[in-house]
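Notes to accompany the following structure.
Every number in this text was worked out from the coordinates using simple rules, so none of it is lab data. Everything numeric in this text was worked out from a predicted model, so none of it was measured. Heads up, the Cβs are rebuilt from the backbone with ideal geometry, glycines too, and the neighbour counts pull from every protein chain shown.
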Amino acid sequence: MIKILQLIFVFVFLLLFYGCQKEEPQIVPALNEILKFDPDEYRQELKFTLLQSDSLTYPGLKYLDTLKYFYSKRNYEPLFIKSFEEEEFAASVLMFFENAWEHGLNPLNYHYRIIAGEFLTATDTSAVVGRYKHLVNSELYIADAILKYSWHLRYGVINPVEIYPESYRMPLPDSLHRFLFKPLEQENIPEYLQSIQPKSKKYVKLQAALKNFYRLKDVKWHPVTINRRKLVPGDEDPSFINIAQRLITFGFLDTSAVKTRDFSNYDTSFVPAVKMFQKMQGLNPDGVIGATTVERLNIKPDDYINKIKLSLERFRWIDYSGTEEYIMVNIPDFNLYIIRNGAEIFSSRVCTGRKRSAYYDARYEIYKKSKNWKLKPEDWETPVLYSRISYMVLNPTWTVPENIVREEIAVGLRKDSLYLKKKDFKVLKGGVEIEYSAVKPAELIAEEIPYIIVQNPGYQNALGRIKFMFNNPFGIYLHDTPVRSAFSLDNRAVSHGCVRVEKPLALSEFLLNHQSKWNIDYLKAEIGSPVKDREKLREYWRVRNELRKNSSLGETTDIGLERKVPLYIDYYTAWVDKDGKINFRDDVYNKDKKLAEAMKGIK
């Protein structure tokens, strides 16, 4: 017991002894105290800088004039960098600018390094000349970066109407209602910058894909070649080694599941990986490695990254993911999709407009100066637009546009005098139908064609049996077609601008889901397609007259839709599909090229 008491005594003594010896913690002066911060002197420096500055002294400030106005209304009180002790705030906003690459944007466009350098210089405790000037620079560059970054994430870097003035008709926010100062009026800037991050699933998935492809930048990208015209399963060729390596790099080939370790042999275990790659590129996934597949295998990571960046920009222009149900045509993909609550429920191949001539721009400038219609270059490219499908036309006629009369009808008639009759056209002059023999071929290529040429309903009609109508300034529509061969092509840019649909009946059935009178069986009967349910067919004939009342002209019948379905015809060369797989397509109209050039000029 005595020993225990002695030990307790010694412990208490040592505790008291060392406790008395411990020094009191020193209080480190705050940075404002060390640097003798003077708020009035700082505010005067801000005022002087703004009053004296111009685009030459601050070439990187996009919103300099805007900031001059904004701070004058605040009596030149700083908003963000209010003293030397704003390191936490500066770091929080710099994090967003530093990570701008995740949106496919350049962090340097948001003064990332300048802000960090100016604030670090201003708060350096060693002697610094013009300390308040550096603090002012931090304030102005942060304000400009916040405005620029916020605008880019909310509306996009580029105004698409400026670079595609004739072919972009998607809805954009009214410029009068774009509140430029909104970001500067937020109480919590980091919280606001977080809130404006695009959150649609398609955008976020594409961001993840961008990160994955950045990881490929350091991978050695050996050229892929083959020693024969094509490789098919079973071929043995040393050139296949590089192909196998490329498939492994993309993550399409699981080496643990490959039967053979001899990568020079294209055995069947490689076929699924080749097909996955072909599908990613929008090619026919047949497993045959030909020239086109080899060409795509040689696309470098930087090219993929650039495509993803451009698609992210397009997703920032318009986000229709909130629309409950809509139809979307992706031009470079040559496919139509029906989307319901963000999920793809239907797809169909489509054909879109032919690509412009490589000399289109130069020829169009000549045409504008000359005003000679003969020099006007043809433009069949399908425009980017938003509308609503409001009605369908069954057994439509086709009134041939004048440019097609000159380009195709005149040529056909020169080759065959019976061309018009064989194709089931009728010719009107002055509103009266005339005999084929009365048509003067030379007048079909005149500046003012005196004829209206109409193709009758039927199996030859260029619009097929169904036409899907929506309001637009280009006079285009979706339609059926009697020519099916083009749907087997990889590049289906073959039309005169309208969108040909491979599965018009399935699309019709979707549009008729909310129709009270018509259904798909009635529609099939009206256009002469087989109806399996005989009772439905008999029912149709009983009600046909009522169905067509006030909506028919001869064989042609209109079906007004009680529910008008949103339609987006858009342009994406990179996206993540419903299975979570990245997809890439050719820049069929060179729209990516034009957008990339525009974005290079952004500072």
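Odds and ends about this structure:
- The structure shown yields semi-axes √(5λ) of the Cα gyration tensor in Å, and of the options [x] 51, 27, 22; [y] 62, 34, 27; [z] 44, 40, 28 that calculated value carries the label [y].
- Restricting segment 262-342 to GluC sites (Glu not before Pro) in coil, as DSSP defines it, with at most 14 other Cβ within 10 Å: 324
- Net charge over other residues, Cβ less than 12 angstrom from the Cβ of residue 131 (K, R count +1; D, E count -1): -3
- Applying a DSSP loop filter and a limit of 10 other Cβ atoms within 10 Å to the trypsin sites (Lys or Arg not before Pro) in segment 245-344 leaves 259, 261.
- Among 327, 339, the order by Cβ neighbours within 10 angstrom, fewest to most, reads 339, 327.
- Whole-Å distance, taken between Cα centres, linking segment 554-603 and segment 65-87: 42 Å
- Rounded, prolate or oblate (a/c below 1.5 giving rounded, otherwise prolate when a/b exceeds b/c) for segment 398-456 by Cα gyration tensor: rounded
- Helical runs (DSSP H, four residues minimum) scored at -39500 (n - 2.57) apiece and divided by the length of the chain put the mean residue ellipticity at 222 nm at -11500 deg cm²/dmol.
- In loop segments of segment 508-602 as defined by DSSP, there are no chymotrypsin sites (Phe, Trp or Tyr not before Pro) with at most 15 further C-beta atoms inside 10 Å of their C-beta.
- The ranking of 252, 181 by Cβ neighbour count inside 10 Å, starting from the fewest, reads 181, 252.
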